[in-house]
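Here is the structure we will look at.
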Amino acid sequence: MEEIKTIGVLTSGGDAPGMNAAIRAVVRSAIFNGFAVKGIRHGYNGLLTDDIFDMNLRSVSEIIHRGGTMLFTARSDEFMTDKGQKKAVETCNRYGIDALIVIGGDGSFRGCRALAKLGIKCIGIPCTIDNDIACSDYTIGFDTALNTAMEMIDKLRDTTQSHERCSVVEVMGRHAGYIAVNTGIATGALCILIPEIPVDIDRDVIERIKETHKEGKKNFLIVVAEGVGKALDIAEEVQQKTGIDTRATVLGHVQRGGSPSLRDRVVAAQMGVHAVELLQLKNYNRVVALRGEKITDYSIEEALAMKKELDPMLIGVAKVVSI
Ligand code: ATP
């Protein structure tokens with residue numbers, strides 16, 4: 001098999017704190033190991049618009065602690081087409097990019113699978129605040145997002161308590177309740193609504209508020225994952241059915257920002273170094289993963305076929321402590 005000389009690196013899909021730390025680890029370990037590195041801006045779009053530049057050790061100075069991504073990120077519709085993918089391969093060939101390291105989520109790894117079929121060697125690094133990548137227990141960005149959401153909800157809790165209100169807080173998670181269940185437990189929410197468990201608002205929210213209100217509880221916190229429904233609709237229903245002053249708060253994109261936590265920086269460094277090691281070992285078309293405390297990897301096919309379930313123990317804990 002041909003030797004790899006030049007590695008391209010890009011960030012794709014939704015941004016997550018720690019993307020910069022992952023880019024830094026990839027660039028530094030690639031250069032230390034004798035590879036040339038090219039940065040590709042705006043996700044796969046950069047391969048369609050030639051938004052590509054040479055990176056050196058200094059290109060990634062002063063980014064380890066910054067949120068966002070110095071390479072920018074994007075969702076590329078053009079790249080989803082056969083024509084777009086062929087154009088991306090042509091670009092790689094023109095720039096002498098022999099292998100790509102893609103930092104992103106499942107969608108981005110589907111992009112890797114498409115490129116791998118066309119002969120580009122790819123490695124995926126799981127980086128998304130949702131922690132919804134099946135092959136890995138952990139995705140870069142998750143810890144920072146959880147702590148951001150927790151701090152915001154703690155602040156809301158203060159004002160909810162002062163006014164003896166109910167707060168319905170919407171956190172990110174279209175298909176997965178990881179952020180909701182963790183922040184709900186951490187902030188002592190009365191109800192945690194997640195997409196994995198069918199929700200009956202009357203039974204799971206209204207009745208619980210009424211019961212605890214009768215027992216003397218004066219303020220109420222409901223954490224809802226965005227995939228379950230809109231906080232505003234739930235808040236209106238709660239107010240109408242309980243008579244308790246209820247406000248909705250959507251945390252939104254604030255959860256994607258901020259300086260990455262220690263955990264996210266360290267996992268980003270481990271995964272970035274492992275991704276380059278895989279290329280050195282000619283072990284191509286893999287997704288890096290964290291299993292327990294160990295960094296490992298799976299073939300892209302295997303990684304995309306895997307399913308992940310929210311830890312039933314965490315759900316059990318949420319049920320017990322959410323009172
Ligand atoms: P997040 O979990 O944060 O949303 P993601 O990587 O899953 O991240 P997506 O928007 O699903 O985000 O995918 C990012 C990009 O990957 C898409 O815009 C597209 O360019 C590419 N992509 C997604 N699915 C495919 C596919 N089936 N084939 C080729 N490319 C794809």
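Brief remarks on what is shown
- Partners for residue 218 among aspartates and glutamates (Cα-Cα distance below 14 Å; same-chain residues under 8 apart left out): 158, 164, 245
- Within the shell of other residues whose beta carbon sits under 13 angstrom from the beta carbon of residue 38, the net charge comes to -1, with Lys and Arg scored +1 and Asp and Glu -1.
- Between helix 262-280 and the chain: long-axis angle, C-alpha atoms, 0 to 90°, nearest 10: 30 degrees
- Summarising the amide proton neighbourhood of residue 37: residues at separation of 5 or more, or on other chains, whose placed amide H is nearer than 5 Å comprise 7, 55.
- Take every DSSP beta bridge whose two residues both sit in the chain; close to 25 percent of them are antiparallel.
- Taking packing as the residue-averaged number of other Cβ atoms within 10 angstrom, the listed peptides 123-130, 243-250, 24-31 run from highest to lowest as 123-130, 24-31, 243-250.
- Which listed pairs, of 214/241; 230/308; 5/38, have C-alpha distances above 18 Å, in listed order: 230/308
- Sorted on the mean count of surrounding Cβ atoms within 10 Å across their residues, most packed first, peptides 258-269, 153-164, 228-239 read 258-269, 228-239, 153-164.
- P(r), alpha carbons of the chain - 20 Å bins starting at zero, rounded %: 33, 47, 19, 1
- Taking a sphere under 15 Å around the Cβ of residue 233 and counting the other residues whose Cβ falls inside, with K and R at +1 and D and E at -1, yields a net charge of -4.
- Once the Cα atoms are used to define both axes, helix 312-321 deviates from the longest principal axis of the chain by about 30 degrees.
- Note on the chain: dipole from Cβ charges, positive end direction compared against 320, 12, 188; the farthest Cα belongs to 12.
- Helix 106-117 and the long axis of the chain differ in direction by around 20°, with both axes built from C-alpha atoms.
- Three-way shape label, region 1-95, alpha-carbon gyration tensor, a/c 1.5: oblate
- Region 47-111 versus region 191-263: alpha-carbon centroid distance in Å: 38 Å
- Once C-alpha pairs closer than 8 Å and six or more residues apart are averaged by separation and normalised to the residue number of the chain, the relative contact order reads 23 percent.
- Mean Cα-pair separation over length for region 27-74, i.e. relative contact order, pairs under 8 Å, 6 or more apart, %: 42 percent
- For residue 128, distant residues with modelled amide H under 5 Å away: 140, 142
Any read-out appearing in this document is the output of simple, stated calculations on the displayed coordinates, not a laboratory observation. Source: prediction; values computed, not measured. Cβ coordinates were reconstructed from backbone atoms using ideal geometry, including for glycine residues, and neighbour counts include every protein chain displayed.
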